[in-house]
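Note sheet for the following structure.
The values are calculated or read from the model by the stated rules, or taken from the named source; none is laboratory data. Since the model is a prediction, treat every value here as computed from it, not as a measurement. So basically every Cβ, Gly included, is an ideal-geometry build from the backbone, and we count neighbours across all protein chains shown.
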Amino acid sequence: MTVSLEEIRPIFVDVLGEKARIITEKTRASDVEGWDSFAHITIVVAVEEKYGVAFKTEELGQMTCVGDFITVLNGKL
Amino acid sequence: MSLERAIDQFAVGDSVTVRQPVRAEDIDRFADLSGDTSAIHMSADAAASRGLGGRVAHGLLLGSWVSAIIGTRLPGDCGILQTISLAFRAPVVPPDLLKITVAVTGKSEAVGQLKLSITIERSDGIVAATGEARSIIK
């Protein structure tokens, strides 16, 4: 199973609003207004619960963009 | 050796139960504080005309007691309440003695967030409200 950006985009839209529709794999949190620490926690937990995975703090620290997040997620599926 | 983080203090299954009395004066004080003076809260007659057994405690008064548990007991000082939802299933009419239980049902180690279940039970055993909250541990 491989998850694409389009599959998890609804989570970004739910948390960040319509502006999340233009997020690409190169997008960084700092590129999106409203993607603060609270929003980040909500996104990470929503993905964990949807796919039944658990990220590690170190993994999150190494992610710099949405593409990194998807790569780490797919490594757990 | 790794340092213990605040989130490590908590495990799924941890819970706190508090017995909370409900008095008419609590409803008066909450109505004064919130401005919610709806007739079903303030008048026993108005409540009876709507098929209720007496003045009904505000749902968010019950929620404020849940907030007190989350803020002082589980997780307590190290938590920041992020979300809370409550579904009100049966009216609470004073005097009553509620059993309010908050329990850890999930946790995200990566971001330090606890998922909590909420159950509020009347003294007759009827569940008055259920809900869920999330708290960030820092």
- Message: Residues to consider are B:133, B:129, B:110; find the one that is at pLDDT below 95 and either within 10 Å of the chain's Cα centre (by Cα) or under 18 Å from residue A:38 (Cα atoms) (or both).
- Response: B:110
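Got at least one residue in segment B:119-133 being of a type in the set (Val, Ile, Thr) and touching a Gly at 6+ places or on another chain (Cβ under 6 Å)?
No; the residues of segment B:119-133 include none that is of a type in the set (Val, Ile, Thr) and touching a Gly at 6+ places or on another chain (Cβ under 6 Å).
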- Give just the number: which of (1) more than 14 Å from chain B (Cβ to nearest Cβ); (2) surrounded by 16 or more Cβ atoms within 10 Å (Cβ to Cβ); (3) in a helix (DSSP H, G or I) does residue A:44 not satisfy? (1)
- Scan (1) closer than 21 Å to residue A:45 by Cα; (2) without any contact (Cβ under 8 Å) to a residue 60 or more places away in the chain for the single condition residue B:107 breaks and write down its number. (2)
- If you go through segment A:18-41 one residue at a time, how many are outside any helix (DSSP H, G or I) and either within 11 Å of chain B (Cβ to nearest Cβ) or among the aromatic types (Phe, Trp, Tyr) (or both)? 1
- Query: Does residue B:69 satisfy the criteria of being under 30 Å from residue B:5 (Cβ atoms), free of Cβ contacts under 8 Å to residues at least 60 places away in the same chain and under 11 Å from the mean Cα position of the chain (by Cα)?
  - Reply: yes
- Hey, which of the strands (runs of 3 or more DSSP E) in segment B:22-138, taking only ones fully inside, have at least 1 residues that are away from chain A (no Cβ under 14 Å), aliphatic (A, V, I, L, M) and buried (at least 20 other Cβ atoms within 10 Å of the Cβ)? B:96-108, B:113-121, B:127-137
- Confirm whether residue A:73 is in contact (Cβ under 8 Å) with a residue 60 or more places away in the chain and either aliphatic (A, V, I, L, M) or outside any loop (DSSP other than H, G, I, E, B) (or both). yes
- Candidate set: segment A:47-57, residues that are facing chain B (nearest Cβ under 8 Å) and within 12 Å of the chain's Cα centre (by Cα); chosen: the one farthest from residue A:15 (Cα to Cα): A:55
